[in-house]
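The values are calculated or read from the model by the stated rules, or taken from the named source; none is laboratory data. Bear in mind that the values here come from a model prediction, so they are computed numbers and not experimental data. Quick reminder, even Gly has a Cβ in these numbers, built from the backbone with ideal geometry, and neighbours come from all protein chains shown. The area values use the complete protein model at the heavy-atom level, side chains included, leaving out ligands, DNA and RNA. Shrake-Rupley method; radii C 1.70, N 1.55, O 1.52, S 1.80 Å.
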Amino acid sequence: MADVFTHFNYLHTIPEIGMKEFKTSAYVADVLKQLGYEVETQVGGATGVVAVCDSGKPGPVLGLRADMDALGTKDDGAAHLCGHDGHMAMLLAAAEEIMKEKLVRKGKLKLLFQPAEETSEGALSMLKGGAVDDIEILIGMHGRPIQECRVGEAAPALYYSAATHVKIDITGMQSHGARPYLGTSALDAACLVVQSANALRFNSNVVYNLKATQIHADAGVANAVPGTATITFDLRSRDNDVME
């Protein structure tokens, strides 16, 4: 069995944000080439990687997909906090087993390593690059067994929600901390917006969540009331009407 942890341990040390997975895609492509796959890099003009094993016999085209990007951090760095290092490691290990056991006996297997899953740019770039044009069956993976599917269990399907972000800019009037009545606190307004959003209720038969994930309000000093604030909300829903 391929050592999935060898791939995981290395990929975990080289996290890169979306569309800039240069070291990551180079590593993935190199491993796949060594395994004997036909490898295409820079798919869609980005960092996407597609590897092909063609049996040479008629049959379906199966695609297996993993994402490559990490999350950005405050210090302009990156970290694998969403498990994409694990996704890549699993697919690379599977790629080795498939090739070693000669499991592609008819049709064609395509392995897709997608950039920028977090921003959705990567999926669009792979589509643009024709990565899925001939694929009849496409299987993705996401390591999150704690709730949806525990270790040792299997599920025929897992349905995830769509996601989007809403950024709200609030403009008040800055004032001195000794005279707050001469201004309008954008920070107070931002708090009211968050509390109001938390009070919203939608169809409980639809899985959804709405929450503030960022709030910025700073006049630059501790004795001034900020006149501007920005809030970011993360929205998720399985229903388009609720999302709207």
Would you list 234, 169 from the most to the least accessible area, probe 1.4 Å?
169, 234
FRET efficiency estimate (nearest 0.05) - Cβ-Cβ, residue 230 to residue 204, R0 30 angstrom:
0.50
Tell me the label-point distance for the pair residue 105, residue 196, using the 7 Å Cα-to-Cβ offset, in nm and rounded to one decimal.
6.4
Over the range 41-109: Kirkwood hydrodynamic radius from C-alpha pairwise inverse distances, Å:
14.1
Which percent of the accessible heavy-atom area of the range 68-207 goes to carbon and sulfur, probe 1.4 angstrom?
55
With angles folded into 0 to 90 degrees, how steeply does helix 186-198 sit against the dominant principal axis of the chain? Use alpha carbons for both and round to 10.
60
Report, to one decimal in Å, the Kirkwood hydrodynamic radius for the chain based on all distinct Cα pairs.
21.0
Kindly state, to the nearest 0.05, the FRET efficiency for residue 13 paired with residue 173, given R0 = 45 Å and r defined as their beta-carbon distance.
0.40
Per residue solvent-accessible surface (Å²) - the chain, probe of 1.4 Å:
61
Excluding ligands and nucleic acids, what accessible area in Å² is computed for residue 14 using a 1.4 Å probe, to the nearest 10?
20
When every protein chain stays in place and a 1.4 Å probe is rolled, 133, 239 sorted by accessible area with the largest first are 133, 239
Of the DSSP beta bridges with both residues in the chain, give the percent that are antiparallel, rounding to the nearest 5.
75
Can you sort 153, 16 by 1.4 Å-probe accessible area, starting with the largest?
153, 16
Taking the Cα atoms only, what angle lies between the long axis of helix 84-100 and the longest principal axis of the chain, rounded to 10 degrees?
10
Can you list the trypsin sites (Lys or Arg not before Pro) in the range 119-176 that are in a DSSP coil and have 13 or fewer other beta carbons within 10 angstrom?
150
Residue pairs, from the table 128/211; 23/128; 23/106; 57/110; 106/128, whose Cα atoms sit over 25 Å apart
128/211; 23/106; 106/128
